[in-house]
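Undergrad: Next up is a structure, given as structure tokens.
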């Protein structure tokens, strides 16, 4: 904070009556800004700061060096719409009957889903907007689909541009390279929003379309990765395509952060970067290039409740508030914590009937040691595509070091000591029957509270079509 801004803040602080400490007064007088950057289908291991040695991500690596990198962060859905619902509402997505991605109205009905998130639900944007924040959303939405789908403005968002929802859309959607250029457009709109609202508290979602399939980067974007081109044929390599896409995402994030710094907003702006779920699998027809996405040391991909499907990057920067250069390997944080944490920082009291499934993790983001008080739980009612190693049971619960996976009929019980076995290879269920009993009771009790609906016949199964005599 420069001298002029500091004196202004302190001047405002001392005029507030009844405050014991100037620091507390400054925090209340000048509410923080929030920039939530959310990638689509990016793997835990796709960034250099998370161990990738092939994809170049210097700007996100720099963000991590200037802030705190969390290694045990979870999303609350293994596909996009459920994951996004959790961040926006602070609830497990199934509480809103969001079991899978929003699709056609016929598909939604077949899965006992609504066609969009209930606009009467409390959201982080509606709560902050009512508290005087300027709110923006640029990029992917996917909290509704089909005719009549509500635009982001129905959820307390002042300024928004998306690709598929009603209301203003991002420019150039007919361009065959639209997805490749989309992050530039999203960041352009975000910068414009921030510049217009720099003198008031603001909250903005920066939700990219990439690296979700289908990927089609430009030749210029792929040039740094020419060494990954297949030799002797006129085709681009899968690594070329995927790596170029992630590198462009990194570059545009860097451009956004640079502008925030230039505007002198850094000291009062909390920036978070994450992804909605694990990387897509080769078996999805349009995702042959996205199958390159890296889950790091974890088993599981998109749709799976194993770590690779739900454990995501989480980088937090707030100069002078979040520890710089720290890697937090111990705190377990999740998407459902986002709403209560943001409201805590903003001084916004939660409505008594909101009852979030998440908890306030403000102290965790500021580097204070501790552990969460609530377990995390997941349900996936559908099949998991791809390699058999990714095909998980239907339910999962994480509490402390333990993670239990099981089907509602008590088949396929798997217990893992995650800090010591992050790849989920050593099933300890037989060695720890009391832990299995306690965790299974909790997750089964929770599952019974969820809205009823059909279950795909492949859900929870890892059966293989073994050869049979004819």
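Undergrad: What FRET efficiency do you get for residue 130 and residue 449 if R0 is 41 Å and r is their Cβ-Cβ distance, rounded to the nearest 0.05?
TA: Working from the Cβ atoms, E equals 0.90.
Undergrad: Follow-up. In nm, to one decimal, how far is the residue 216 label point from the residue 196 one, both placed 7 Å along Cα→Cβ?
TA: A separation of 3.0 nm, rounded to one decimal place.
Undergrad: Packing-wise, with mean Cβ within 10 Å as the measure, how do 459-468, 92-101, 319-328 rank, highest first?
TA: 92-101, 319-328, 459-468
Undergrad: If you don't mind, there's one more thing I want to ask. Quick check: pseudo-label points 7 Å beyond the Cα along Cα→Cβ at residue 53 and residue 233, how many nm apart are they?
TA: The answer from the label model is 2.7 nm.
Undergrad: Let me ask you something else. With 10 angstrom as the radius, rank 273, 345 by how many other C-beta atoms surround their C-beta, starting from the fewest.
TA: Least crowded to most crowded, the residues run 345, 273.
Undergrad: Tell me whether region 30-371 comes out rounded, prolate or oblate; compute the Cα gyration tensor, take square roots of the eigenvalues as a ≥ b ≥ c, and use a/c under 1.5 as the rounded threshold.
TA: Rounded shape, in that the Cα axes give a/c under 1.5.
Undergrad: For the chain, what does the helix formula give at 222 nm: sum of -39500 (n - 2.57) over DSSP H segments with n ≥ 4, over the residue count, nearest 500 deg cm²/dmol?
TA: After summing the helix terms and dividing by residue count, I get -8500 deg cm²/dmol.
Undergrad: Follow-up question, since we're still on this one. So for region 275-431, considering every pair of alpha-carbon atoms, how many percent are separated by more than 27 Å? List each step's numbers first, then the result.
TA: On the way: 3974 of 12246 pairs.
In whole percent, the share of Cα-Cα pairs in region 275-431 beyond 27 Å is 32.
Undergrad: In what order do 190, 57 fall by count of nearby beta-carbon atoms within 10 Å, going from fewest to most?
TA: 57, 190
Undergrad: Mind jotting down the distance between the C-alpha centroids of region 188-240 and region 127-143, whole Å?
TA: Here the two parts' Cα centres lie 23 Å apart.
Undergrad: Be a star and scan region 366-401 for residues whose amide nitrogen sits under 18 Å from the point 7 Å along the Cα-to-Cβ vector of residue 103.
TA: 380-386
Undergrad: With a bin width of 10 angstrom, please list the P(r) values of region 94-182 as percents of all Cα-Cα pairs, from the 0 bin to the one holding the largest distance.
TA: Histogramming region 94-182 at 10 Å steps yields 17, 41, 33, 9, 0 percent.
Undergrad: Based on the Cβ-Cβ distance of residue 374 and residue 326, what FRET efficiency does E = 1/(1 + (r/R0)^6) give at R0 = 25 Å, to the nearest 0.05?
TA: Numbers: r = 24 Å, r/R0 = 0.95.
Calculated transfer efficiency: 0.60.
Undergrad: Take peptides 210-223, 352-365 and line them up by average Cβ neighbours within 10 Å, highest first, as a rough protection proxy. Mind showing how you got there, number by number?
TA: Details: 210-223: 19.0, 352-365: 17.5.
Packing proxy ranking, top to bottom: 210-223, 352-365.
Undergrad: Shifting gears a bit: With label points built 7 Å along Cα→Cβ from the Cα atoms of residue 259 and residue 354, find their separation and express it in nm.
TA: Taking the two extended label points, one gets 2.9 nm.
Undergrad: Of all DSSP beta bridges in the chain, what percent run antiparallel (nearest 5)?
TA: On the way: 23 of 50 bridges.
In the chain, DSSP labels about 45 percent of beta bridges as antiparallel.
No lab work stands behind these numbers, since they all come straight from the coordinates. On a predicted model such as this, the values are computed, not experimentally measured, just so you know. Neighbour counts are summed over all protein chains in view; Cβ atoms, including those assigned to glycine, are modelled from backbone coordinates with ideal geometry.
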